[in-house]
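Since the structure comes first, as structure tokens, the remarks are kept for the end.
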Amino acid sequence: MAGRKYNALWQQTMMRIKNPKISVPFYEKNFGMKLVHQYDFPQWKFSLYFMERPRQGASLPPPGTRESEAYLWNMQGTTLELTHNHGAEDDAQFSVWSGNEGCDLPKDSPLYKEGVVRGFGHIAFNVEDVVKGSADLEKDGVKFRKRPHEGRMKDIAFAEDPDGYWVELVKRSNGTGIVEPQNFSQTMLRIKDADKSLAFYRDVLGMTLVRAMHFPGDFSNYFLACLSNEEAAQAPHPESPEAADFVNGLWQPCLELTHNHGTENDADFHVHTGNTAPQGFGHIGYLVDDLKACCGEMQDVGVPFFKKPEDGNMHQIAFALDPDGYRVEIVQETAVLQVYAVISELSLNLG
């Protein structure tokens, strides 16, 4: 279990955006996120914005400083990494793919789209009251895909961010002691084969399966989190009635893997990872305390890599591929300043 051995912590979910002057304030105003650090690469025509939902009273260094960069690559939380290709904001034809349109849907679905299969699904925030939270957001001009009273599930809602990415609102468990109005709680990815994906995220990266929901003949959802040994010891069985309250009471986000039953037996089925046209979601990423050793053990158990640590001139970053081909960034913790050169080297692939 390389991830556990090398203290892998989920540090980022990357999404491409059209206009940071709209997206960054959207997440600040509506979900309490703060800009942790910003990288600008005018020579390669892209910028990166890392946003975190900090705890109340937390003091963050000013973004764009050595201190904020050190915080970013040593942090315990999970960020949204918003990637902006310069000029996209002035291109009337530019749009990102939310991950929720595809030809794997019925042709009469409004989300049916030829030439692509769904992949990334949404991010989520936990709130005390989904109905009130949704009403407040809508009053402030936020668009909704699903309001709480619509559809079968009354305890969730789906808003849209400025690029059309889906943002789920989930009711926080009672009695958590969390005082913040929102906390970043999920990133959802669709997968082909649950057994293979669980083996990767749980058994290789060391995440803990904290909840499993099954809808026979339809789909299953699996929620995984990076827990301390103490937290993992307190977690109920993932299929127990108590698992829902445990998950919805966490401060840190869960990786939600959605498996539509039967896709594992379809040789032609594959998800779209978002890194070829149409682009949108990019990757999730982890910090580890020994990148070379961690990646070496991952390779020993057959994990493929898009970029190994030894590739190129800088060795502080790698991109593994999960069983569906989603990119999983792995970064050496405390890799301050060196990250500039590594990201620059990878700029064409990131964009």
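The values are calculated or read from the model by the stated rules, or taken from the named source; none is laboratory data. Computed from a predicted structure; not experimentally measured. Here Cβ is always computed from backbone atoms with ideal geometry, including for glycine, and neighbour counts include all displayed protein chains. These accessible areas exclude ligands, DNA and RNA; they are computed on the full protein's heavy atoms, side chains included. Shrake-Rupley method; radii C 1.70, N 1.55, O 1.52, S 1.80 Å.
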Label-to-label distance, nm, for residues given as Glu128 and Gln43 (7 Å Cα→Cβ offset) | 5.0
Top mean-square fluctuation among Thr276, Thr13, Thr208, Gaussian network model of the chain, C-alpha springs under 10 Å?
-> Thr276
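Could you tell me the calculated FRET efficiency between Ala58 and His214, based on Cβ-Cβ distance and R0 = 51 angstrom, to the nearest 0.05?
Numbers: r = 38 Å, r/R0 = 0.74.
Using R0 = 51 Å, I get an efficiency of 0.85.
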Which of the trypsin sites (Lys or Arg not before Pro) found in region 1-60 are loop residues per DSSP with 15 or fewer other Cβ atoms within 10 Å of their Cβ?
-> Lys45, Arg55
Using the per-residue mean of other Cβ atoms lying within 10 Å as a proxy for protection, in what order, highest first, do the peptides 71-79, 99-107, 165-173 fall?
-> 165-173, 71-79, 99-107
With a 1.4 Å probe and every protein chain kept in, tell me what percent of the accessible surface of the chain is carbon plus sulfur.
-> 50
Would you mind counting up the charge near Leu48? Only other residues with Cβ under 13 Å from its Cβ, with Lys and Arg at +1 and Asp and Glu at -1.
-> -2
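Please give the FRET efficiency for Glu89 paired with Thr276, using the beta carbon to beta carbon distance and R0 = 25 Å, rounded to the nearest 0.05. Can you show the working numbers first?
Numbers: r = 22 Å, r/R0 = 0.90.
The pair Glu89/Thr276 has a calculated efficiency of 0.65.
Please report the net charge: other residues with Cβ closer than 10 Å to the Cβ of Ala124, K and R +1, D and E -1. Please list the in-between numbers first.
Working: positive: none; negative: Glu168, Glu256.
Net of charged neighbours comes to -2.
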FRET efficiency estimate (nearest 0.05) - Cβ-Cβ, Ala267 to Asn229, R0 35 angstrom = 0.30
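Using the Cα gyration tensor of region 202-241, with a ≥ b ≥ c the square roots of its eigenvalues, what is the shape: rounded (a/c below 1.5), prolate (a/b larger than b/c) or oblate (neither)? Working shown, then result.
Details: a/c = 3.89, a/b = 1.72, b/c = 2.26.
Because a/c hits 1.5 or more and a/b fails to exceed b/c, region 202-241 counts as oblate.
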Starting from the Cα of Lys113, draw a straight line to each of the aspartates and glutamates and keep only those under 16 Å, dropping any in the same chain fewer than 8 residues away.
-> Glu101, Asp104
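Counting Lys +1, Arg +1, Asp -1, Glu -1, what net charge surrounds Met15 among other residues with beta carbon under 10 Å of its beta carbon?
Values: positive: Arg16; negative: Glu81, Asp161, Asp163.
Combined, the nearby Lys, Arg, Asp and Glu give -2.
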About the Cα centre of region 15-134, what is the dipole size in debye to 20, counting +1 per Lys and Arg Cβ and -1 per Asp and Glu Cβ, all else neutral?
-> 140
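Leaving out ligands and nucleic acids, note down the accessible area per residue over region 1-145 with a 1.4 angstrom probe, in whole Å². Provide the component values of the computation, followed by the final result.
On the way: 6790 Å² over 145 residues.
Averaged over the residues of region 1-145, the accessible area is 47 Å².
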Base-10 log of normalised Debye intensity for the chain (one unit scatterer per alpha-carbon) at q = 0.07, 0.10 Å⁻¹ = -0.27, -0.58
List the lysines whose Cα lies under 17 Å from the Cα of Lys139, skipping any in the same chain that are fewer than 8 positions away.
-> Lys29
What nm distance separates the two modelled labels at Ser173 and Asn19, each placed 7 Å from Cα along Cα→Cβ?
-> 4.1
